[in-house]
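*Asks:* Supplied in structure tokens, the structure appears directly below.
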Amino acid sequence: MGSAGLAMRRLSIIDVEGGLQPLRSEDGRVVAVCNGEIYNYRALRADLEARGHRFATGSDCEVIVHAYEEHGVDFVERLNGMFALAVFDRDRGRLLLARDRVGIKPLYHAIHDGWFLFASEPKSLLAFPGRAASLDLRSLDLYLAHEYVPTPRSIFAGIERLRPGHLLVVEPGRGVHERRYWNPDLSPCEDLGRASEAELAERLWVTLRESVDMELMSDVPLGVFLSGGLDSSAVAAAMTELGRGAVHSFSIGFEDPSFDESQHARRVAEVLGTQHSELILEPRMLWELVPSVMDFLDEPMADASIVPTHLLCRFARESVTVALGGDGGDELFAGYTTIQAHRAAHYYRRIPAPLREGLFEPLVRRMPVSLDNMSLDFRAKQFIRGAGQPPAECHHLWLGAFDRGERSAVLHPDVLAELGSSEEPGPLQEHVAETDAYDDISRILYLDMKMYMEGDILVKVDRASMGCSLEVRVPLLNSRMLEFATRLPVRHKLRGLTRKYLFRKAMRGRIPDDIIDRPKKGFGFPVSKWLRDELKPLLLDMLSQERLTRQRLFDPASVERLVRDHLAGARDNRKFLWTLLMFQLWYDRYLADRAAA
């Protein structure tokens, strides 16, 4: 029989004193570790106790070992939670790994010298004797395209991530095999299709409140992030209506009024009656954190909002150990402005190509450059960048950094030669091929769930919070909300150009109308300006000709042009430069010493 070693460094939330891991079955035959929370553990525990199982702790994660004993590997389908878990069956020599439905918690694995290794962070795998860090060039190419490395790859050669909604089994005689246990069902739901809008809005609210109720379980102080947007305000409204005691809310603001939303958060807190705490960030607090983000990020990711997100988590951690957030609402209910842009692009593609390419696009490209994050010229140039392409490719070009031609220009000739001329199917094409979505908007929402949400949004929140020992829960991605929202007809998500149509309707009378109707605003900072000013020394250092020549990963002349044009105000190259900067910071953290040796 096989053998295994399981270890866990726990952030104690449920049964603080008694829920130490690993957790064991009564006879010690089954052993488990779990990063995350099992929200329906009380119902599972009652059922298992009725079947004769005896529990030794009050931990939510102890249900894992008993559910495995009772139901085998299929027990994972019964879990409602955010988790990355491992179960070892001593009798069978079987190791089971599983990850929650949408990938809230990370799980990496690798094979090295005959050992199967797994961990929540790649740095743990790199600590294994003889396991050195090395760069996966295909993942570098994907990172430049998407601004993150899509699952199942990682930036490290030989290390992969388990896909969300999948389990992986390692056992003697059968090797390693993986299978999916859950995937969003996007087929039309007759029950939801027949219901009136009023009925659906009430059902949405009840489902959200039930999901929040499940995720309030905690033996340590708990609060909520409050940005002043619809999603976080809805979660806070559900918490206050449930009446579990005082609700502690947390927000951050910016000295720059063009990015500050703190007044909206304060308004929601006042209406709901939360005990509100607010931190106004000075620009220095943000840019001084940038060089150290790779200490907790592990892989390069070009979402600049990781910086204020981490500062918000640090601020909340001074008072609570658990915080609820509003992530997931945009992907489930069509909240991103790109969804509106797809409607516009549908009509744009009907314009004759000679007129588009000969008149409109040259006019847009000649618009004066503004380094404001939300400037009209930046948004117009991003729109024409992808609007003429099919919806999936268009969406990728709007969200990502470098297209194929731009990657060919910026990558070093040695890297291009190593990658070869053949273009293997990427994650975008794989997800498009597998979805059963019945319209373009639903397909885009599916892609957002499978790629942007899992590879960017959830990674950002998990790393930013775990980096300061704060657990962030996302009730909008609770299994109950997932089952409701994914089957909801798309006309209730996007009505004309109104995003989150039904969600807005469900929240009328529960939060102020001006909060429900106000334009969406990103959670970031003035990247374009800072790359020219406060972060310029870091940018010039990380992208210096000397570094790039030594690394032989990027073409020094192409990168120098990107830097020169941006600093001169000739082009807004923020997405390109920030993507390269984040990679260079990762490279310095993980590979520079090895490369020098």
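*Asks:* How do Leu428, Leu226 line up, fewest other C-beta atoms within 10 Å first?
*Replies:* On the way: Leu428 20, Leu226 31.
Least crowded to most crowded, the residues run Leu428, Leu226.
*Asks:* Lys500: which lysines have alpha carbons under 17 Å from its alpha carbon, excluding same-chain residues fewer than 8 sequence positions away?
*Replies:* Counting by Cα, and skipping residues close in sequence, Lys500 has these lysines nearby: Lys520, Lys521.
*Asks:* Here's another thing I want to ask about it. Report the calculated FRET efficiency for Ser544 and Val206 (r = Cβ-Cβ distance, R0 = 60 Å), to the nearest 0.05.
*Replies:* Values: r = 57 Å, r/R0 = 0.95.
Calculated transfer efficiency: 0.60.
*Asks:* Under 23 Å Cα-Cα from Lys123, which lysines qualify once same-chain neighbours fewer than 8 residues away are excluded?
*Replies:* Leaving aside lysines fewer than 8 places away in the same chain, those within reach of Lys123 are Lys105, Lys460.
*Asks:* Please give the Cα centre distance for region 245-260 versus region 120-184, rounded to the nearest Å.
*Replies:* 36 Å
*Asks:* Let me have the 222 nm mean residue ellipticity of the chain computed from DSSP H runs of 4+ only, each contributing -39500 (n - 2.57), with the sum over all residues rounded to the nearest 500. Could you put the intermediate results ahead of the total?
*Replies:* On the way: 30 runs with 258 residues, N = 597.
My calculation for the chain gives -12000 deg cm²/dmol from helical runs alone.
*Asks:* Using the Cα centre as the reference, give the magnitude of the dipole from point charges on the C-beta atoms of region 23-180 (Lys, Arg: +1; Asp, Glu: -1; all else neutral), rounded to the nearest 20 debye.
*Replies:* Values: 22 positive and 22 negative charges, 33 e Å.
Here region 23-180 has a charge dipole of around 160 debye.
*Asks:* Just the ratio, please: alpha-carbon radius of gyration of the chain over 2.2 N^0.38 Å, N its number of residues.
*Replies:* Normalised by 2.2 N^0.38 Å, the Cα Rg of the chain equals 0.97.
*Asks:* Normalising by the residue count of the chain, find the relative contact order in percent from Cα pairs under 8 Å and 6+ residues apart.
*Replies:* About 17 percent, as a whole number.
*Asks:* Which of the peptides 25-36, 563-574, 325-336 is most tightly packed, and how do the rest follow, going by the mean number of other Cβ atoms within 10 Å of each residue? Spell out each step's value before the answer.
*Replies:* On the way: 25-36: 19.2, 563-574: 16.7, 325-336: 24.6.
My ranking of the peptides, most packed first, is 325-336, 25-36, 563-574.
*Asks:* Considering the chain, which cysteines have no disulfide-compatible partner, defined as another cysteine with its Cβ under 4.7 Å away?
*Replies:* By the Cβ distance rule, which asks for a partner under 4.7 Å, the isolated cysteines are Cys189, Cys313, Cys394, Cys468.
*Asks:* How do the peptides 312-319, 276-283 rank, highest first, by the average count of neighbouring beta carbon atoms within 10 Å per residue?
*Replies:* Details: 312-319: 19.9, 276-283: 16.2.
Packing order, densest peptide first, comes out as 312-319, 276-283.
*Asks:* Based on Cβ point charges of +1 for Lys and Arg and -1 for Asp and Glu, what charge dipole magnitude is obtained for the chain about its Cα centre, in debye rounded to the nearest 20?
*Replies:* That gives a dipole near 940 debye.
*Asks:* Give me the one-decimal nm value for the distance between modelled label points at Leu363 and Lys521, 7 Å along each residue's Cα-to-Cβ direction.
*Replies:* Taking the simple label geometry, Leu363 and Lys521 are separated by 3.1 nm.
*Asks:* Take every Cα-Cα pair in region 23-180 and report what % of them are more than 23 Å apart.
*Replies:* Numbers: 5099 of 12403 pairs.
Distances greater than 23 Å cover 41 percent of the Cα pairs.
*Asks:* Next up: I'd like the distance separating the alpha-carbon centroids of region 206-233 and region 507-579, in whole Å.
*Replies:* When both Cα centres are located, 32 Å separates them.
*Asks:* Still on this structure, I have one more. Could you pull out which residues in region 41-59 have an amide N less than 12 Å from a spot 7 Å beyond the Cα of Arg10, following the Cα-Cβ vector?
*Replies:* Taking a point 7 Å out along Cα→Cβ of Arg10, the residues of region 41-59 whose backbone N falls under 12 Å are 56-59.
*Asks:* I've got another one for you. Distances over 22 Å make up what percent of all Cα-Cα pairs in region 526-597?
*Replies:* Summing the P(r) of region 526-597 above 22 Å gives 19 percent of all pairs.
*Asks:* Taking the Cα centre of the chain as the origin and placing charges on Cβ (Lys, Arg +1; Asp, Glu -1), which of Val461, Leu286, His412 is farthest toward the positive end of the dipole?
*Replies:* Of Val461, Leu286, His412, it is His412.
All of the numbers you see were taken from the coordinates with simple rules; none came from a lab. Just so you know, these numbers come straight off a predicted model, no measurement behind them. Please note: Cβ atoms are built from the backbone with ideal geometry, for glycine as well, and neighbour counts cover all protein chains shown.
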